[in-house]
Each structure stands twice: as structure tokens, then as C-alpha cells.
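Single-structure report; data block below.
The values are calculated or read from the model by the stated rules, or taken from the named source; none is laboratory data. Quick caveat: nothing in here was measured; it's all calculated off a predicted structure. Methodologically, a virtual Cβ is constructed for each residue, glycine included, from the backbone with ideal geometry; neighbour enumeration extends over all protein chains shown. Heads up: the accessible areas ignore ligands, DNA and RNA and are worked out on the full protein's heavy atoms, side chains in. Shrake-Rupley method; radii C 1.70, N 1.55, O 1.52, S 1.80 Å.
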Amino acid sequence: MANIKSAQKRVRQTAKRRLRNRYKLVSTRTVIKKVRTATSKTEALELLPKVTSMLDKLAKHNIIHKNKAANQKSKLSRLVNAMN
């Protein structure tokens, strides 16, 4: 553990941010799974804008890389468009 007061604060802040980021990432992953396992195209189309928004926010806050967000959005939209 750090001895300097500012370093102790930094450790606390980092821990808080890490938990917040993990929660956002896991929540997004859950919704992505819902889109992938959707049985109907209408159900998937309803969830797609929500997932897109979540991925954009993760990329904006540097939780994931912007190219990863773009790749995931692309794959999901291709999957939904291919559904019957």
C-alpha cells in the first residue's frame, strides 16, 4: 500500500473506476448475447440500437478500443440483417 496521501487517494479512485468499468462492460456483453440468441428479427432489431449505444459509450470512455466497438457493431448488424 502506498504511503503518500495522494497515492492512497489514487488507489481508491482507481478501484472505484475499475468496478464501474467492469459493470458497464459486463452489462454490454449480456445485451450482446441477447441479440445473438434472439429468436426473431424484430426482437433483435429492438435491441440493436441499445447495444450500439452501449458500445459507443464504452469506446468513448476508453473502456474498449474504438475499432473493437466498430467491429462488434458491424458483426451484430450483419447478423441481424441475415436473420429471417
Relative contact order %, the chain, counting alpha carbon pairs below 8 Å whose residues are six or more apart: 27
Whichever lysines have a C-alpha closer than 20 Å to that of LYS57, once near sequence neighbours (fewer than 8 apart) are set aside: LYS16, LYS24, LYS33, LYS34, LYS66, LYS68, LYS73, LYS75
Vicinal HN-Hα couplings computed from phi for the range 70-84 (Karplus, 6.51 cos²θ - 1.76 cosθ + 1.60; Hz; Gly/Pro x): 5, 4, 5, 4, 5, 4, 5, 5, 5, 4, 5, 5, 7, 5, 9
Within the accessible area of the chain (1.4 Å probe), percent carbon and sulfur: 53
Separation of the VAL26 and ASN67 label points, Cα + 7 Å toward Cβ, nm: 2.9
Between 0 and 90°, nearest 10: helix 5-36 axis offset from the chain longest Cα axis: 10
Theoretical FRET efficiency, 1/(1+(r/R0)^6), r = Cβ-Cβ of THR42 and LEU19, R0 41 Å, to 0.05: 0.70
Heavy-atom accessible area per residue - the chain, 1.4 Å, Å²: 78
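Residue separation times 0.36 nm, minus the C-alpha to C-alpha distance between ASN3 and ALA82: what's the value?
Taking 0.36 nm per residue and subtracting the Cα distance, the gain is 22.7 nm.
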